[in-house]
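Some notes on the structure that comes next.
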Amino acid sequence: MKAGSKDLAKATVLFAGDSGDGMQLTGGQFTQTTALSGNDLNTFPDFPAEIRAPAGTVPGVSGFKIHFGSAKVYTAGDQVDTLVAMNAAALSSQMDQLKEGGLIIANSNGMDARNLRLAGINEDRDLLGEAEQRGFELVSVEITRLTKEALKDSPLSNKDKDRAKNMFTLGLVYWLYDREPERTERFLEKRFADQEDIREANIKVLRAGHHYGETAELFRNRFSVPPADLAPGRYRNIKGNQALSIGLITAAHKSGLELFYAGYPITPASDILHELARSKAYGVQAFQAEDEIAAITAAIGAAFGGSLAVTASSGPGIALKTEALGLAVMLELPLVVVNVQRGGPSTGLPTKTEQSDLGQALFGRNGEAPLPVLSCASPKDAFDVAFEACQIALEHMTPVMILSDGYIANGSEPWKFPSSSELPEIQPPVHKAEDGDYTPYKRDEKGVRKWAIPGTAGAEHRIGGLEKQAETGHVSYDSENHQQMVRERKEKVERVAHGYAAQEVSCGSKKGGLLVISWGSTYGAVRTAVERLHKNGIAVGQYHLRHLHPLPSDLGKLIERYDQWLIPELNEGQLLQLIRSTYLVDAKGLNKVQGVPFAHREVEEAIVGMINEKK
Amino acid sequence: MKQVKSYTSKDFATDQEVRWCPGCGDYGILKQVRDLMPELGLEREKTVFISGIGCSSRFPYYMNTYGLHSIHGRATSLATGLKMTRSDLSVWIITGDGDGMSIGGNHLIHLLRRNPNVNILLFNNEIYGLTKGQFSPTSEQGKQTRSSPWGTVDHPFNLSALALGADASFFARTVDRESKHLRETLRQAHEHKGASLVEIYQNCNVFNDGTFSAFTDKERKQQNTLHLEEGSPLRFGDPEKPVVLTWKNGAVGAEEMGASDPGSHWIHDPYDRAKAQALSRLSDDMTYPRPFGVLYREERAVYEDLLAEQQKVIAPKRTADDLDALISGDAFWQVGQ
Ligand SMILES: Cc1ncc(C[n+]2csc(CCOP(=O)(O)OP(=O)(O)O)c2C)c(N)n1
Ligand code: SF4
Ligand SMILES: [Mg+2]
């Protein structure tokens, strides 16, 4: 059978195998090559919570999903076109993700009795036969055996030979999607620069896989996804935590300050710590503290000393930071706190995504302690949000919270990155010795106090968590003064909204009909859903809310232009409550807490349902 | 040339009224610290006092330097962040027995193991003063307080042993009433490069009056205190007829000084860890007097210096071009023009 060639607008591929099978690397390589071929794309890894779950079992399955296209891609895809399954556990647990008639590339050597047993499946079952019966197109390849055969002359141990099988798979999938393996060859050359045997074996197997696709005539079709019509510019592929880290370093550079980052390891925020720990050359000090309280308080100490101070964690760690966050509010020092959200409460679902810490970010402190809260819409957006958060913190002398989540942190997409010269300089209100007398809590027209940094002669002053007298900052228990200071801190934060651009819808109808309000990582699924329905003549628009506090002052007007409102969230309705109580509109929620993002279909159904109900 | 400022003690006072209870031991400590600052040649703008929460932690408001009155137990971690980024500053931590050993115990031991060059003044009054008289982690077992009406059953911390266990590079003990000893001990703490922990016995005359009277009363202190001086024998008691401690193969003993063989005398060597360990346990059951002065010191690499050394071997990338290279990464591509 000779494969026909088929042009596709979009495709979703899921690589699934055992944690030890190298699926993340395989997916990562496929992503780089796809990005360089000019597609728009979005990826999402789905790895097990256990570090070393027993090999071959369902909890040990590690997946990497990529959605790519010649048109704009906003999510990592709902249903999968091609599932690559390296063993029985991967096939049985991921088969339901396939679309009707989807393609399975199965490593038949990973489907034997032993693998079935490990996957908790009766050894008599014929998993591959069942897949075919369900109408999937099955391509069964002896990947393990073919890999070993390709390496029969290699000096590597049997175990090391076995480990190269992901490269065979990658080669095969490259062939299927009409991609050349060169980029990955160069990657392998670099990665195994001083391990010749491993380098040669991997390259050989990669080529063998590609060649096998060409000669074995396995597939009905070969696919080609032409380049997307992306705006001109320079692009790179980037993950959320990486974009966020680079945004922080950029903000430090643009403000002329040193970046001090303190953290305590926690999924899914640890990669920010890793990224910044290796950025010492850029003037970053990354501090792994003894706990999250130490991390945020060390950051506050560094902020007092004149650094751009940042700390990041996930829900449980943010809970620990709460008291110190109140201190930062009270001191009015710049500080950026990142919450890469995961499933909660408590330890919850550490490796799964959720948006259920919005209430914690907005209200989770004792006393009246408002602070600006921003959210990232997607991996690349994390750069802009990080930069803006630093800018607000430094120019308004306030702690700022960034909400990201597991989906954004580990997901990736192409990013049309800026040149640093396009970005604004950040100007913190630093008090200089030559400015004369220093009054710690005297405010400028924006309500912002001046930052006097130790070492500045004549500006010695004492600040603390006790309520302070307006202007002087001396401890004060006066009741009128407390009222005044609570208001001053609140108004200072509210004035941050003066710096926002005018609010507009992201897509769809500009007025009338139904408005879907998204925040954080629901952006992509909502965008896809609204664009699809709007194209079919349905009056629906999307507004994406980045600034969760203070809310944009023109948002009320925008909301009034519509007749119905839907707020999809990966929580039980936290933004919903805020919008309903702030704007007194009868908004409805679409809520999901399953540890996974929305599928655009779910959003579409909810929109259509609401519109039909009204008719 | 930079003009060296000459300050007096008064220059370190603020216009804020000092608000401890009349008779509180904190006053004496404040006075000694203010007096010491000009002697050490510290500049006001280069000095920072950081505290947690407690009576003792009000201290920074009364020092005309930079100051931070933070939250309960965290002065140590705030100071770590400050010192890591500003090694040029002289950083003084003020904490209490509850602040430093209970809620902030974790940060204290981690600071000690890291060893940044800061001074920690731990005001130990064996009670929670600010919250009005509950037992603290240093209160003796059986102590009756408002939160322990039948006496505590909690075993107390021995701060010197805790500090040695956490690999502190400097530990000393002093007491509020002995102003000269207090000042000299603080001077040594300042001169030590690394984290210096000074336990200051402080009388809370409202909630725990007289806890340390065995070490401060004229009649009793000779018998109950041991003054540590580097290179001198450890002796105590009546100066006319002192008793000397002996150290024979790690075993501690006591002999009448006059009648003893000088070769067996325990000569104080603060650099000797085994002896410091013995000193930290010497008076647990009060058979021997309590040591005051520098129990232990060690030259150990300073945290911020180690960080700076790492920084030195890494070629800096601080230009706009470096930043653009970081932003673009090495696998970028061009779309259109
Ligand atoms: C998070 C928190 N918990 C409890 C308190 C209440 N509190 C204030 S001071 C203190 C104990 C202070 O004892 P200590 O550190 O020995 O200082 P002292 O007042 O004796 O000088 C407590 C429990 C607080 N301020 N913050
Ligand atoms: S309560 Fe005790 S420690 Fe606190 S100020 Fe009064 S005497 Fe001093
Ligand atoms: Mg106390």
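The values are calculated or read from the model by the stated rules, or taken from the named source; none is laboratory data. Everything numeric here is computed off the predicted structure, so don't read it as measured data. FYI the Cβ positions are ideal-geometry reconstructions off the backbone, even for glycines, and counts take in every protein chain you see.
The requirement of being modelled with pLDDT of 95 or more, within 14 Å of chain A (Cβ to nearest Cβ) and more than 24 Å from residue A:455 (Cβ to Cβ) is not satisfied by residue B:125. Any residue at all in region A:475-486 that's at pLDDT 95 or above and within 35 Å of the chain's Cα centre (by Cα)? Yes, because at least one residue in region A:475-486 is at pLDDT 95 or above and within 35 Å of the chain's Cα centre (by Cα). Per the listing B:15, B:11, the residue uniquely within 14 Å of chain A (Cβ to nearest Cβ) and free of Cβ contacts under 8 Å to residues at least 12 places away in the same chain is B:15.
So for region A:262-279 (the condition being in a loop (DSSP other than H, G, I, E, B) and crowded, with 24+ Cβ neighbours inside 10 Å), does at least one residue qualify? Steps first, answer last, please.
Here is the first cut: in region A:262-279, the ones in a loop (DSSP other than H, G, I, E, B) are A:264-269, A:278-279.
Going one step further and asking which of them are crowded, with 24+ Cβ neighbours inside 10 Å, we end up with A:269.
Checking region A:262-279: at least one residue is in a loop (DSSP other than H, G, I, E, B) and crowded, with 24+ Cβ neighbours inside 10 Å.
In the set (1) of a type in the set (Ser, Thr, Tyr); (2) at positive phi; (3) within 14 Å of the chain's Cα centre (by Cα), residue A:346 fails one condition alone, (3). The residue list A:385, A:338 contains one member that is under 16 Å from residue A:321 (Cα atoms), assigned by TED's automatic domain parsing to the domain that holds residue A:307, touching a helix residue (DSSP H, G or I) at 6+ places or on another chain (Cβ under 8 Å) and not polar (S, T, N, Q), which is A:338.
When B:185, B:174 are checked against the criterion of being within 26 Å of residue B:41 (Cβ to Cβ), among the polar types (S, T, N, Q) and not in a helix (DSSP H, G or I), B:174 stands alone in meeting it. Just one of (1) closer than 22 Å to residue A:551 by Cα; (2) touching a residue at least 40 places away in the same chain (Cβ under 8 Å); (3) part of a loop (DSSP other than H, G, I, E, B) fails for residue A:516. It is (3).
Given the structure, is residue A:156 of a type outside the set (Lys, Arg), assigned by TED's automatic domain parsing to the domain that holds residue A:140 and in contact with a strand residue (DSSP E or B) (Cβ under 7 Å, 6 or more places away or on another chain)? Give the derivation first.
Numbers: of a type outside the set (Lys, Arg): yes; assigned by TED's automatic domain parsing to the domain that holds residue A:140: yes; in contact with a strand residue (DSSP E or B) (Cβ under 7 Å, 6 or more places away or on another chain): no.
No.
Residues that are more than 9 Å from chain A (Cβ to nearest Cβ) and assigned to a strand (DSSP E or B) do occur in region B:96-112.
Can you give me the number of residues within region A:181-202 that are free of Cβ contacts under 8 Å to residues at least 24 places away in the same chain and not aromatic (Phe, Trp, Tyr)? Walk me through how you get there before you give the answer.
Of region A:181-202, the ones free of Cβ contacts under 8 Å to residues at least 24 places away in the same chain are A:182, A:185-186, A:188-196, A:199.
So of that shortlist, the ones also not aromatic (Phe, Trp, Tyr) come out as A:182, A:185-186, A:188-191, A:193-196, A:199.
Qualifying residue count, region A:181-202: 12.
Of the residues screened, residue B:216 is not one that is touching a residue at least 24 places away in the same chain (Cβ under 8 Å) and within 16 Å of ligand 1 (Cβ to nearest atom).
Which condition from (1) surrounded by fewer than 20 Cβ atoms within 10 Å (Cβ to Cβ); (2) away from ligand 1 (no atom under 16 Å from the Cβ) is the one that residue B:210 breaks? Looking at each condition in turn, residue B:210 falls short on (2). Within region B:281-301, is there a residue that is within 23 Å of residue B:212 (Cβ to Cβ), assigned to a helix (DSSP H, G or I) and touching a residue at least 40 places away in the same chain (Cβ under 8 Å)? Scanning region B:281-301, I find at least one residue that is within 23 Å of residue B:212 (Cβ to Cβ), assigned to a helix (DSSP H, G or I) and touching a residue at least 40 places away in the same chain (Cβ under 8 Å), so the answer is yes.
Being closer than 30 Å to residue A:8 by Cβ, part of a strand (DSSP E or B) and more than 11 Å from chain B (Cβ to nearest Cβ) is the requirement here; does residue A:219 meet it? Criteria not met by residue A:219.
Test residue A:277 against the stated conditions and say whether it is at the interface with chain B (Cβ under 7 Å from one of its Cβ atoms), on the phi < 0 side of the Ramachandran plot and not β-branched (Val, Ile, Thr). Spelling it out, it is not the case that residue A:277 is at the interface with chain B (Cβ under 7 Å from one of its Cβ atoms), on the phi < 0 side of the Ramachandran plot and not β-branched (Val, Ile, Thr). The residues on offer are B:306, B:326, B:245, and the sole one that is within 14 Å of chain A (Cβ to nearest Cβ) and under 30 Å from residue B:160 (Cβ atoms) is B:306. Within the option set B:47, B:65, B:76, being under 18 Å from the mean Cα position of the chain (by Cα) and buried (at least 24 other Cβ atoms within 10 Å of the Cβ) holds for one residue only, B:76.
A single entry from A:35, A:88, A:106 fulfils the requirement of being touching a Ser or Thr at 6+ places or on another chain (Cβ under 7 Å), assigned by TED's automatic domain parsing to the domain that holds residue A:218 and either buried (at least 22 other Cβ atoms within 10 Å of the Cβ) or on the phi > 0 side of the Ramachandran plot (or both): A:106.
For region A:428-435, state whether one or more residues are in contact (Cβ under 8 Å) with a residue 60 or more places away in the chain and surrounded by fewer than 19 Cβ atoms within 10 Å (Cβ to Cβ).
Start the filter on region A:428-435 by keeping residues that are in contact (Cβ under 8 Å) with a residue 60 or more places away in the chain, which leaves A:428, A:430.
In the following step, the residues that additionally are surrounded by fewer than 19 Cβ atoms within 10 Å (Cβ to Cβ) were identified as A:430.
Looking for residues that are in contact (Cβ under 8 Å) with a residue 60 or more places away in the chain and surrounded by fewer than 19 Cβ atoms within 10 Å (Cβ to Cβ), one finds at least one in region A:428-435, hence yes.
When restricted to residues that are surrounded by fewer than 24 Cβ atoms within 10 Å (Cβ to Cβ), more than 25 Å from residue A:425 (Cα to Cα) and charged (D, E, K, R), region A:339-392 contains 3. Within region B:68-90, the set of residues being at the interface with chain A (Cβ under 7 Å from one of its Cβ atoms) and of a type in the set (A, V, I, L, M) comprises B:68, B:71, B:78, B:79, B:82, B:84, B:89.
Within region B:1-47, the set of residues being in a helix (DSSP H, G or I), out of contact with any helix residue (DSSP H, G or I) (no Cβ under 8 Å at 6 or more places or on another chain) and closer than 26 Å to residue B:208 by Cα comprises B:27 only.
Just wondering, is there one or more residues in region A:224-236 that are away from chain B (no Cβ under 14 Å) and surrounded by fewer than 19 Cβ atoms within 10 Å (Cβ to Cβ)?
Yes, region A:224-236 has at least one match.
Selection of first residues in region B:128-141 that are within 14 Å of chain A (Cβ to nearest Cβ) and of second residues that are near ligand 1 (Cβ under 6 Å from one of its atoms), restricted to Cβ pairs under 6 Å at least 6 apart or on distinct chains, gives the following pairs, ordered by first then second residue: B:130/B:54; B:130/B:55. Residue count for region B:80-95 under the criterion of being more than 16 Å from ligand 1 (Cβ to nearest atom) and either part of a helix (DSSP H, G or I) or out of contact with any His (no Cβ under 9 Å at 6 or more places or on another chain) (or both): the result is 11. Within region B:24-65, can you find the residues that are within 12 Å of chain A (Cβ to nearest Cβ) and closer than 23 Å to residue B:132 by Cα? B:50, B:51, B:52, B:53, B:57, B:58, B:59, B:60, B:61, B:62, listed by residue number. With within 14 Å of another protein chain (Cβ to nearest Cβ), β-branched (Val, Ile, Thr) and touching a helix residue (DSSP H, G or I) at 6+ places or on another chain (Cβ under 8 Å) as the only criterion, which of A:408, A:426, A:402 stands out? Among A:408, A:426, A:402, only A:426 is within 14 Å of another protein chain (Cβ to nearest Cβ), β-branched (Val, Ile, Thr) and touching a helix residue (DSSP H, G or I) at 6+ places or on another chain (Cβ under 8 Å).
Pairs are defined by a Cβ separation below 9 Å, a sequence spacing of at least 6 or placement on different chains, a first member in region A:288-304 that is within 7 Å of chain B (Cβ to nearest Cβ) and in contact (Cβ under 8 Å) with a residue 40 or more places away in the chain, and a second member that is in a helix (DSSP H, G or I) and not aliphatic (A, V, I, L, M); the pairs so defined are A:302/B:81; A:302/B:85; A:304/B:81.
Filtering region A:515-543 to residues that are farther than 29 Å from residue A:411 by Cα and out of contact with any Ser or Thr (no Cβ under 9 Å at 6 or more places or on another chain) leaves A:536, A:537.
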